[in-house]
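These notes concern the structure reproduced below.
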Amino acid sequence: MEPNRQITINLPNGKSVSVTAGKTIGQIANLVNEKFSQEAIAARFNGRFVDLSAIVEMDGDLEIITPDDPAAHEILLHSTSHIMAQAVKQLYPQAKVTIGPAIENRFYYDFDIEPALTDADLPKIEERMQQIIAADIPITRREINRTEAIQLFSNMGETYKLELIEAIAPDEVLSIYTQGDFTDLCRGPHVPSTGKIKAFKLLNVAGAYWRGDSRNKMLTRVYGTSFATPQELKKYLNFLEEAKRRDHRKLGKGLELFEINDQVGPGLVIWYPRGATLLQIIKDYWIKMHLERGYELVQSPHIGKAQLWQTSGHLDFYKESMFDAMEVEGDSYYIKPMNCPFHIQIYKAKTRSYRDLPIRYAELGTVYRYELSGVLHGLMRVRGFTQDDAHIVCTPEQLDSEIENLVKFSFDYLQTFGFKDFEVYVATRPKEKYVGEPEKWQQATESLQKALSILGVEYHIDEGGGAFYGPKIDIKIRDALQRSWQCTTIQFDFNLPQRFAMEYTDSDGLQKQPYMIHRAIMGSLERFVGVLLEHTVGDFPVWLAPVQGVVIPITSAQNEVADKFYRYLKSNALRVEINCKNETVGAKIRQAELMKVPFMFVIGEREAANEQVSIRRRKGGNLGVFDWANALKIIRQEIELNKEDKS
């Protein structure tokens, strides 16, 4: 190597500096700005994240990362997870470490430890972490070969790390990070020393199967978070408290909407009467909107022969997400993960002409996908769910307008339920496991981008995020806590029309292959309800509320009149209940408030004598006393107001 060789480092402000090759990132940062370098925790060099200890031997673009950089948060989280693992190993030497990644605003680390840790152990672990941070222990990176790594972790008795090493490609460079008495297998980067961690909090303990598979051992997972400042940490902890209040699993139980239990099976939802009513309201609205837009409703079976899924390509590209086959009279059947092959059979049932297109099939079809038990989460991640599925079969000339209409329809539909903020992505061809020529993928991707541009919709590119059969548009909604949720997917498909030999007769009399678009607006109806619950805290608008009102007699003497008024509202298509329990009126009102029923109709002696009711609005207090007709009018007016707001 040439001594004192000079290299050029380009800085974000457009300036460049000349330094001697072989210096570390940290040394270069110190030459550029000594004060700035003291705040540094990592860097980007030629677009790649690196530690401050990384040695630079070539020209390049350098960007120093400080705690206020958006990229810093993941590094702080990951570094804090290592400090937590070190603390656990010091306190519980018998524990074996597994993985400890950063996830959105949090980190976790999984441990094989007996007895399992509990939330009561967290203060002790936090105290030890504070000691490690106060010691400001240097964190160093070293690259090692596969043999060295196996020997190192074998000597440490870290069997899970050995399993991870076995899964890494033989030619991949392995790196380890050491801080004091703790060494971990990790890509990095990390902060230069433990003292760079300024604000952290351990959140909770949970169980997690190794690699998310229930066939593996149950591990102890410790969650935590870390921020650049105590103020940011406090803000996030307040956010978590609000998120806990909005947890759809807690709301679903309290509002008597749904249940998931082990006797039925993980990821399989049982809907109670109120939950089923909520689903039906959403389904009815969905059907109405689709019929108005020229869709035809179809329905398909829950299972299909193996040959169907072989033809579609699912057994080649999607089998790991499908349940195992069942044998019936010598044939293999699979429970359906998607509806599309069935819709194609409906299309192929007769000869099609260009005059028939576009054809739009829609189905609220329940599908089943094998998800690892470790990733199941209430309604948000399930194994059986109802997809608001639609497939559009069209000519090439109709493609652009169909996609435009789908995007507009999706926005209109989601806004109906109170969602106003959206993120839009165009997902491109996966790096592997895809069908079709790259040229067709490019053409289809450009078509999706064109539709969004015509509508003036801003979008991001999701590189490699497309389905195996084509690129797609994904629309994510933001809830009241500004969390992002995947809902709408509009997927272009040039695979299935070819695989199933779909045809139509064009105006020139020739047989041609149509284009096909897969589309779901809510995505999963179950997840949509979960997001809706957390967005609204279960406080639904009157048009959507499973129970719109409850009739409350003050004493048993008014039960008969209350029942007549209850049946009067029911006969006028309102969703109401009656509470004739032997309880005080105050207790009945509290119960209705807890169940988030919008209207309460109270009937006492005076109201019963005059066929009147006292109306109480949830959160709005008493509205006054009205005769039955006007009481009905009031609730109908609010329903109509809701409809105007959502239209």
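To keep it simple, each residue is scored yes or no on (1) touching a strand residue (DSSP E or B) at 6+ places or on another chain (Cβ under 8 Å); (2) in contact (Cβ under 8 Å) with a residue 60 or more places away in the chain; (3) open to solvent by 10 Å² or more (accessible area, probe 1.4 Å).
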site	(1), (2), (3)
R527	yes, yes, yes
G530	no, yes, no
P541	no, yes, yes
P553	yes, no, no
S556	no, no, yes
V561	yes, no, yes
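Within segment 465-480, the set of residues being farther than 24 Å from H391 by Cβ and open to solvent by less than 30 Å² (accessible area, probe 1.4 Å) comprises just one member, D479. Considering segment 419-446, and only residues there that are within 18 Å of the chain's Cα centre (by Cα) and part of a loop (DSSP other than H, G, I, E, B), the residue that is farthest from V531 (Cα to Cα) turns out to be K420.
Just to check your reading of the model, which residue among R360, R355, R381 is crowded, with 16+ Cβ neighbours inside 10 Å, basic (K, R) and either out of contact with any Gly (no Cβ under 7 Å at 6 or more places or on another chain) or at pLDDT below 95 (or both)?
From the options R360, R355, R381, the qualifying one is R381.
For segment 117-124, the criterion of being at pLDDT 95 or above, open to solvent by 60 Å² or more (accessible area, probe 1.4 Å), closer than 26 Å to A42 by Cβ and assigned to a helix (DSSP H, G or I) is satisfied by no residue at all. In segment 419-426 there is at least one residue matching the filter, namely being in contact (Cβ under 8 Å) with a residue 60 or more places away in the chain, of a type outside the set (K, R), open to solvent by less than 40 Å² (accessible area, probe 1.4 Å) and within 26 Å of K250 (Cα to Cα).
V328 meets each of the listed conditions (1) of a type in the set (V, I, T); (2) more than 20 Å from Q486 (Cα to Cα); (3) exposed (fewer than 15 other Cβ atoms within 10 Å of the Cβ); (4) touching a strand residue (DSSP E or B) at 6+ places or on another chain (Cβ under 6 Å) apart from (4). Pairs are defined by a Cβ separation below 7 Å, a sequence spacing of at least 6 or placement on different chains, a first member in segment 611-636 that is more than 23 Å from F540 (Cα to Cα), and a second member that is loosely packed, with under 14 Cβ neighbours inside 10 Å and not aromatic (F, W, Y); the pairs so defined are E611/D627; Q612/D627.
Show me the strands (runs of 3 or more DSSP E) entirely contained within segment 11-78 in which 3 or more residues are open to solvent by 30 Å² or more (accessible area, probe 1.4 Å).
Details: elements: 16-20, 42-45, 48-50, 60-65.
Fully inside segment 11-78 and qualifying: 16-20.
V264 meets each of the listed conditions (1) open to solvent by 60 Å² or more (accessible area, probe 1.4 Å); (2) among the β-branched types (V, I, T); (3) closer than 30 Å to Y109 by Cβ apart from (3).
Of the candidates V173, V205, the single residue that is β-branched (V, I, T), in contact with a strand residue (DSSP E or B) (Cβ under 9 Å, 6 or more places away or on another chain) and in contact (Cβ under 8 Å) with a residue 60 or more places away in the chain is V205.
The values are calculated or read from the model by the stated rules, or taken from the named source; none is laboratory data. A quick note: this is a predicted structure, and the numbers were derived from the prediction, not measured. Ideal geometry is used to build each Cβ from the backbone, glycine not excepted, and the neighbour counts take in all protein chains shown. The area values use the complete protein model at the heavy-atom level, side chains included, leaving out ligands, DNA and RNA. Shrake-Rupley method; radii C 1.70, N 1.55, O 1.52, S 1.80 Å.
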